[in-house]
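Each remark here refers to the structure printed beneath this line.
No lab work stands behind these numbers, since they all come straight from the coordinates. Computed from a predicted model, the values in this text were never measured in an experiment. Neighbour counts run over all protein chains shown; Cβ positions are idealised from the backbone, glycine included.
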Amino acid sequence: MKLDSSVAAVITGGASGLGAATARALAARGVKVAIFDLNAEKGEALAAEIGGTFCPVNVTDETSVDAGFARARAAHGQERILVNCAGIATAIKTVGRDRETGAVKPYPMDSFEQVIKINLIGTFRCIAKSAAGMVLLDPLEDGERGAIVNTASAAAEDGQVGQVAYAASKAGIVGMTLPIARDLMGDGIRINTILPGMFETPLMMALPEKAREVLNATVPFPKRMGKPPEYAALALMMIENSYFNGEDVRLDGAIRMPPR
């Protein structure tokens, strides 16, 4: 797919981190970008910076998602590109103990369900809504109508202690990539998923410098965290290369996460 001003894109979780880097990279190529996020302050600021549109969206809420797509399409037309970056992480063990009393506590199911709702169901909700619009577009070369990029995690394959909900949600994204590619093959819509390792997102950069140094040392090469523009570069490659379809690709400096 050629990236220029004739193409519109929607980025979920686009106000910061990996989503913001992708929004900037697409806008730099002339693409009209709509940012879906709950953080209005950051979202509006980034939209102003790149000449895009901010849409306040909660991916767990169908009405909110519908309103977001309606707003984005009113501003830019039907999107040909969807990049899913919205997500959360938690650190809770399957069975824990109260530090004061020693009482055994099973994983709180409302927390587990919330992670699944945002990371997995929210991603699929946006895919289904976006693809339903893409199928109505005139086809480009090779009959292509759209391209979707999802964000999973290295935790989908190497989930660590306390990452059961997060790992399950991200593994679900990996697991649905090929079936969705097959569902949409007759409509000319491609879908791929990136599995990032440790990246310089706001969450990771909030850690103390010493903690970041320890984490950097665990990466085989290069011995550092990934930079959001590196994620964006792979996302753009997946979008531009029309033979890239149904794939799950790790972007992690060859790290394999230990149990802790």
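When the P(r) is computed for the range 114-193, the part past 21 Å accounts for 33% of the Cα-Cα pairs. So how strong a dipole does the chain carry about its Cα centre when Lys and Arg Cβ are +1 and Asp and Glu Cβ are -1, to the nearest 20 debye? Dipole size: approximately 560 debye. Legend: ranking of residues Cys85, Cys126 from fewest to most surrounding C-beta atoms inside 10 Å; resulting order Cys126, Cys85. Comparing Gly143, Met198, Ile180 along the charge dipole axis of the chain, the residue lying farthest to the positive side is Met198, per the Cβ-charge model.
Once you compute Rg and the Kirkwood Rh from C-alpha atoms, what is the Rg to Rh ratio for the range 8-251? Spell out each step's value before the answer.
Working: Rg = 18.2 Å, Rh = 18.5 Å.
Using only Cα positions, Rg/Rh for the range 8-251 is 0.98.
Remark on Phe199: its backbone amide H falls under 5 Å from those of Gly226, a criterion applied only to residues 5 or more positions apart or on other chains, H modelled at 1.01 Å from N.
Restricting the range 209-260 to GluC sites (Glu not before Pro) that sit in a DSSP loop and have at most 15 other Cβ atoms within 10 Å of their own Cβ leaves Glu247. Roughly how tilted is helix 122-134, in degrees to the nearest 10 and between 0 and 90, from the longest Cα axis of the chain? Orientation of helix 122-134: about 10 degrees from the principal axis.
The order of Lys42, Lys93, Lys32, Lys170, going from fewest to most other C-beta atoms within 10 Å of their C-beta, is Lys93, Lys42, Lys32, Lys170.
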